[in-house]
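Undergrad: Would you mind keeping the following structure in view while I ask a few things?
No lab work stands behind these numbers, since they all come straight from the coordinates. Remember, it's a predicted structure, so these values are computed and weren't measured experimentally. Cβ coordinates were reconstructed from backbone atoms using ideal geometry, including for glycine residues, and neighbour counts include every protein chain displayed.
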Amino acid sequence: MRWQNLFDDLESQLESELGAEEVDLLAEEERLRLGRLGLRDRIRAIHDARLRTPLGLTVRGGEHVDIVPAAVGRDWVAGELATGELRSAIIPLWALTAIVPNAEQLAASLRVEPAPEPPTALSARLGLAFVLRDLCRRRAAVELLLGPERAHGTIDRVGRDHLDLAEHPVGEPRRTAAVSRVRLVAFSAIDVLRF
């Protein structure tokens, strides 16, 4: 009888230790998975979850932007703004200093695997220059947030790493007489582009 109790006790201890090792292994795997996640991965997961609530973003200049993500590119996120006259925005990922998700968005952002997107996801392969060239072709009026400064105008040309912004008053179309100056703006200086 005593031997049976001893063997039962040893078996119980062994099962407990094996269970603890498995829990530790799973926890380590999860830490490694989370360690491979990038900011873009987490924003893409929030976008893919199709949550229609605004996501809070803070950019380098300290401005807070609430946006419902509509597309996530290679180095940018675009979507609809919660407030303001210009209702759409493109935000380069390098301009982000913080993301302020709600509880549902946070949970969605943690469910993603740090893997490349399928090749069919065209927006994932498009860089910021491609999107800006489309705005240039459409002659859309834009507002650039460049740190503490704002510039309003129309994009005349888009280079590899910069754009030419013909500055003119808000609400006026781009006409030669209305243009106060043309500014060459490095992509790396752009915090938010509203249109």
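Undergrad: Modelled label-to-label distance, E80 and D156, 7 Å Cα→beta-carbon offset: nm?
TA: Distance between the two pseudo-spin positions: 3.4 nm.
Undergrad: Given a Förster radius of 25 Å and the C-beta distance between E104 and A70 as r, what FRET efficiency does 1/(1 + (r/R0)^6) yield to the nearest 0.05? Please report the intermediate quantities before stating the final value.
TA: On the way: r = 18 Å, r/R0 = 0.71.
Once rounded, the FRET efficiency stands at 0.90.
Undergrad: For the stretch 39-194, what mean projected area does the convex hull of the alpha carbons give, in nm²? Numbers along the way, then the final one.
TA: On the way: hull surface 36.5 nm².
Averaging across all directions leaves 9.1 nm² for the Cα convex hull.
Undergrad: Between L25 and R50, what is the label-point separation in nm under the 7 Å Cα-to-beta-carbon projection?
TA: Taking the two extended label points, one gets 3.7 nm.
Undergrad: Just how far, in whole angstrom, is the stretch 38-113 from the stretch 139-163 if you go by their alpha carbon centroids?
TA: Computed from Cα coordinates, the inter-centre distance equals 20 Å.
Undergrad: Oh, and also: Peptides 74-82, 159-167: what's the order by average Cβ count within 10 Å, highest mean first?
TA: Details: 74-82: 18.8, 159-167: 16.1.
Most protected by this proxy first, the peptides run 74-82, 159-167.
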